[in-house]
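The values are calculated or read from the model by the stated rules, or taken from the named source; none is laboratory data. The structure displayed is predicted, hence computed values, not measured ones. Ideal geometry is used to build each Cβ from the backbone, glycine not excepted, and the neighbour counts take in all protein chains shown. Protein only, heavy atoms only, side chains kept; ligands, DNA and RNA dropped before computing areas. Shrake-Rupley method; radii C 1.70, N 1.55, O 1.52, S 1.80 Å.
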Amino acid sequence: MQDEMEEIIIEFITEAEESLDKIEPLFVELERKGEDKDMLNDIFRSMHTIKGAAGFLGFQLIVDVAHASENIMKKVRDGEIAMSRLLMDVLLRSVDMLRLLLRHLKEKDGVTENVSPLVKDLGNALAAAVSKTPETGHHEKTAGEAKLPESAAPVIEKPEIPVMKEVDLTQAHAANGEQHTVAASAPPKQKETLTAALSGEHNQAPEKTAPANGAVKPDTQPQATDDGEPKQEPKQNEMIQSAKDNIQKAQNLRVDVHRIDKVMDLAGEVVLVRNRLLNISNYFDFKYTGDPMTEVLMETVSFLDRVTSDMQLAVMKMRMQPIQKVLSKFPRLVRDISASVKKDVDLQIFGEGTEVDKSVIEHIGDPMTHILRNSIDHGLESSEERIAKGKPQQGKIVINTYQKGNQIVIEIADDGKGMDVNKLKSKAVEKGLMTEDEAQKMSDEAAVDIIFMPGFSTKEVATELSGRGVGMDVVKTNISLLNGYVEVSTVKDVGTTFKICIPLTLAIIQALMVEVDGAKYAIPLSPIEETLKVSRKEIDNITGQSVIVVRDKICPLFELNDLLNTGTTGSSNEDYKYLIVISMGDKRFCIAVDKLLGQEEVVIKTLAGLDTTSSNVLGATITGDGKVVFILDVAGMSRNLLGITKG
Amino acid sequence: MNDLKMKILVVDDFSTMRRIVKNLLRQLGYENIEEAEDGAQAYSKLKTGGFGFVVSDWNMPNMDGLDLLKKVRSDPELKDLPILMVTAEAEKEKVITAIQAGVNNYVVKPFTGEILKEKIDKIFERLNAHK
């Protein structure tokens, strides 16, 4: 029972958060497009439902906030008051408060919030809006009612009296009071209906069994229904249709994410066993070629191979959610930020339906928020500046997400002033992040990446928004944690685009298996541009850094055993080396290994107690031959290696 | 008539609420409970037959509780199906409409299992008395 309660509470939190996610963008939409009955109703209903469920669970603070908001939404929905900036602000504050309260519940931190100032503000805002309404004359019906409060009120209130009483009686567990109360005080016409309804006569006609028979034999003569529709046939078709729709709807199942993760984990194990079986069967195929049982074995294993791949994909899809979940927060965010810096911003979002792994949903929000803040604060010009430049007064930010191969791409583009490369350089020099000389030599593309350097911020005075000590370097780090990377492209006075690329799934990846000094390693395939076999002579050395020319471009080269501090020297005396060309964003470097072993699907198992930020190791996996192999953290390497050499 | 094996349909768009109501019904000993997300879904479920009782929320997208009620009452196959409407305090003024439309009883959120039991008992007491 306790568990059941716990589960219900968790479900409530999730569902309430989802509702808030759904309505929050609607507020901004309302503000932009004006009042829309459906949207108003959606917001009202969500508040109402949250209140109702919270009431059952005894979360009084949530009930209070939702109730006060619902009161406003109800009046707005019914056209009694007009939506205003003031109402919107206070409603959004209540959305924030509800989120906060839900978070306390989720984290079970026992923290309580003082909601009374907010509830008071909600009440005041409502009162202010109500008192303002007659003057606006904007809603005719309301204005009419408001002009005649004395005469209108009793008419509305009368039916309420019996009902209120009945509720009281019910709650007091008075068994027979209802009918009396109703009969005593309701207006005559209603009295009749009510008495009938409550005593059940109206509903419980004596010919009770007749319709039931009708249901069994639908082909008895068509009956005229009350709403005057004599035909039964089309109705039935409609029914079948809607029943079908419902079958589709009902196929949504809410499952605890831990269960899915467990399945994911087990699917991972199956993949490992499959890999191992593939290896073994290849051995048998080689040793006992032509043996009929070998044939059967090969066939069975190849079937298992296919099914496992399908299963993996299916499990992966279970964890995928539309990125809408993250994007829906941004209209509100952009509204608030642009208001605080007094810029007029139009946010356009595309590709909300793109599905990404749950962990991406959880971790991509912060970096995206940061980029958006940066774009509004630094990227877009003020309205005056824009007009002077002959641009539309309203700044534009476009978020576009889509899937490209095995990657999810998220683009955040503004049509602002673009980045001034020279300014970035001189700032970096000033801050001691690089020398004058380095800055001179730096290409424009590389200079744009300066914004990702720790301790960099271009604004003279750090504003409240962007310059809060966390720089864009955090964006980069967060995205690397998802095995992704971020690129920037900028054109002066045209705008800046941030492009985030993240692999589709984080748990199972395609990897290139390599060998150094007899040890095997796995390198995630997605950032690998190409592999090369080069002679030692082709490797140059510039001020202690090995480099090699790859496709006419100089590329830094690192020995894998140096990167991993294996203590060995990479001593193999072969004349040839195998190079893996890694491309992370605009950064390119080579990793030198002794042997390339081939491609394998690996399941990432995190290693407890390993400092993944400095070890260059992402995790481990078990290979087809049953050995534990480290998976290299290429994003981390790129950060550790090139971050240092540049700075 | 009020037998614990009867099939009950719980209608609410908020799944937590469905679960809470289901839980309360289970505590009262009812086992055969199905769910629907809105009036439209509820209606087509009801049309499949076999339901003995409906507990429906009022505020729902697509088809709300009142419309469901009206639709059921105007359907010759379903018109006698007992319906208990779940309402919030703020909707008291609307209850009158529901009663006119033929709801058997209503219950105000939040309610306990006892209140629910009382409401259900009362509905079936009346139904049986008028048989």
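Of note:
- Residue count for segment A:593-632 under the criterion of being at pLDDT 85 or above and charged (D, E, K, R): the result is 2.
- Residue in segment A:103-115 that is surrounded by the fewest Cβ atoms within 10 Å (Cβ to Cβ), counting only those that are touching a helix residue (DSSP H, G or I) at 6+ places or on another chain (Cβ under 8 Å) and in a helix (DSSP H, G or I): A:LYS106
- In segment A:258-297, the residues that are surrounded by 12 or more Cβ atoms within 10 Å (Cβ to Cβ) and basic (Lys, Arg): A:ARG274, A:ARG276
- All helices (runs of 4 or more DSSP H) inside segment B:1-113 with 1 or more residues being under 30 Å from A:LYS75 (Cα atoms) and at pLDDT below 85: B:92-100
Yes/no matrix, rows are residues, columns are (1) open to solvent by less than 10 Å² (accessible area, probe 1.4 Å); (2) of a type in the set (Lys, Arg); (3) under 16 Å from the mean Cα position of the chain (by Cα); (4) more than 8 Å from chain A (Cβ to nearest Cβ):
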{"site": "B:PRO76", "(1), (2), (3), (4)": "no, no, no, no"}
{"site": "B:LYS79", "(1), (2), (3), (4)": "no, yes, yes, no"}
{"site": "B:VAL108", "(1), (2), (3), (4)": "no, no, yes, no"}
{"site": "B:ALA129", "(1), (2), (3), (4)": "no, no, no, no"}
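- Count of segment A:361-375 residues which are out of contact with any strand residue (DSSP E or B) (no Cβ under 6 Å at 6 or more places or on another chain) and open to solvent by less than 10 Å² (accessible area, probe 1.4 Å): 4
- Members of segment A:376-398 found to be assigned to a strand (DSSP E or B) and surrounded by fewer than 24 Cβ atoms within 10 Å (Cβ to Cβ), listed by number: A:LYS396, A:VAL398
- Pick from segment B:87-104, criterion touching a helix residue (DSSP H, G or I) at 6+ places or on another chain (Cβ under 7 Å) and more than 8 Å from every other protein chain (Cβ to nearest Cβ), ranking: most open to solvent (accessible area, probe 1.4 Å): B:THR97
- A:ALA54 vs. criteria in a helix (DSSP H, G or I), more than 9 Å from chain B (Cβ to nearest Cβ) and small (Gly, Ala, Ser): no
- Members of segment A:437-464 that are modelled with pLDDT under 75 and either surrounded by fewer than 16 Cβ atoms within 10 Å (Cβ to Cβ) or in contact with a Ser or Thr (Cβ under 6 Å, 6 or more places away or on another chain) (or both): A:PRO454, A:GLY455, A:LYS459, A:GLU460, A:VAL461, A:ALA462, A:THR463, A:GLU464
- Any chance A:LEU100 is in contact (Cβ under 8 Å) with a residue 24 or more places away in the chain and part of a helix (DSSP H, G or I): no
- Qualifying residues in segment A:485-499 (those that are closer than 17 Å to A:ARG588 by Cα and buried (at least 23 other Cβ atoms within 10 Å of the Cβ)) - the one modelled with the highest pLDDT: A:VAL486
- A:THR401 being within 20 Å of A:LYS476 (Cα to Cα), of a type in the set (Val, Ile, Thr) and either in contact with a Leu (Cβ under 8 Å, 6 or more places away or on another chain) or loosely packed, with under 15 Cβ neighbours inside 10 Å (or both): yes
- Hits in segment A:8-31 (condition: modelled with pLDDT under 85 and surrounded by fewer than 15 Cβ atoms within 10 Å (Cβ to Cβ)): A:GLU29
- Listed by position, the strands (runs of 3 or more DSSP E) contained in segment A:313-361 that have at least 1 residues being under 30 Å from A:GLU381 (Cβ atoms) are A:345-350.
- Restricting attention to segment A:32-48, the residues that are crowded, with 17+ Cβ neighbours inside 10 Å and either more than 14 Å from chain B (Cβ to nearest Cβ) or touching a Phe, Trp or Tyr at 6+ places or on another chain (Cβ under 8 Å) (or both) total 1.
- Just one of (1) facing chain B (nearest Cβ under 9 Å); (2) touching a Leu at 6+ places or on another chain (Cβ under 8 Å); (3) not aromatic (Phe, Trp, Tyr) fails for A:VAL65. It is (1).
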